[in-house]
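Beneath this line is the structure, given in structure tokens, with notes to follow.
Since every read-out is calculated from the coordinates, none of them should be taken as a lab result. Please read these numbers as outputs of a predicted model, since none were measured by experiment. As a convention, Cβ positions derive from the backbone with ideal geometry for all residues, glycine included, and neighbour counts pool all protein chains shown.
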Amino acid sequence: MTTRDTLREKAEKLRVLHRAGRPLVLVNAWDAATARIAAKAGSAAIGTTSAGIAFASGYPDGQKISRDRMLEAVARICAAVSLPVTADVEGGYGDTPEDLRRTANGVLDAGAVGMNLEDGTDRPETLADLALQLEKIRAVREVARSRGVPIVLNARTDVYLDRVGPEARRLAETIRRTEAYRDAGADCIFVPGVTDSTTIGQLVRRLGCPVNILAVAGSPSIGELAKLGVARVSLGSGPMRAAVTSFERLATEALEKGTYSALEGIVSHAAMNELMG
């Protein structure tokens, strides 16, 4: 069982990895194998993808998977690597402080020392009430204090991702929400859906705390994001969807053409056995 001292050490290590201009890059994992592959590739920490875990478990994204099932997957990932793990727990699986305390305790029990908390909802172009989000953040901080483990809380706003409100007002609304999240105790601010350098730079300068950007096709490179002062870059569910795309191509080729060129150059069975051993 992971001790409090070990969790505290990992949490502190994860926190210092958030450096403006030298971003922590998370190629988000959805199971033990992908976590180990990311670690072998040189990742300094492991971030989970809630969407990837949900898809692999047979659920759509959007907090449709249960808290327990999500945390079971997180625990398997934590057990597979010695690196700090930060868990994507969507909206926290509930709307009361007690729900969030249960989720935050579950994150620590699973062996993770960081967590994502989003304000998106299942209602189009609607975000969670700001006051409610602040209550959730404070509940997580209460658990961190009571457990003696400084959970690294990555507070996410979906203003841009969900295209909430008029485009001209999205930056102001993002700043309004994220400043409140920061002041309530969030360690890092996550703004998925932003891909233009000007807006990213404005967010970094205005918030004055670690900022997390979601990398998608067409995003600035990691080097460019570093120059803008970004402290964390996540690939989200992109890696899982890339893997599914490869599988789809392989399946289509085998079933329609009867050939297997997609199997050329793949990781060997022996290498995977060694990795998982």
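Data overview
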item	result
Most fluctuating residue given options GLY62, GLY42, GLY94, as computed from a GNM of the chain linking Cα atoms under 10 Å	GLY42
Furthest towards positive pole of dipole, VAL149, GLY47, LEU132, structure part the chain, Cβ charges	VAL149
Mean ellipticity per residue at 222 nm, deg cm²/dmol - from DSSP H runs of n ≥ 4 across the chain, formula -39500 (n - 2.57)	-14500 deg cm²/dmol
Long-range amide H partners of ALA29 with built H, under 5 Å	GLY47, THR48, THR49
Low-density loop positions, trypsin sites (Lys or Arg not before Pro), the stretch 43-121 - DSSP coil, at most 14 other Cβ in 10 Å	LYS64
Cβ-placed point charges (K, R +1; D, E -1), dipole of the stretch 4-238 about Cα centre in debye, nearest 20	800
For the chain, built as a Gaussian network whose Cα springs stay under 10 Å, the top-fluctuating residue of ALA184, ALA41, ALA155	ALA41
Cα→Cβ-extended label distance, 7 Å offset, between ARG206 and ARG19, nm	2.8
Global geometry of the stretch 4-238, whether rounded, prolate or oblate, following the gyration tensor of its Cα atoms and the 1.5 cut on a/c	rounded
Pairs of alpha carbons in the stretch 1-51 whose separation is greater than 17 Å (percent)	47
Point-to-point label distance, THR121-LEU255, nm (Cα→Cβ direction, 7 Å offset)	3.9
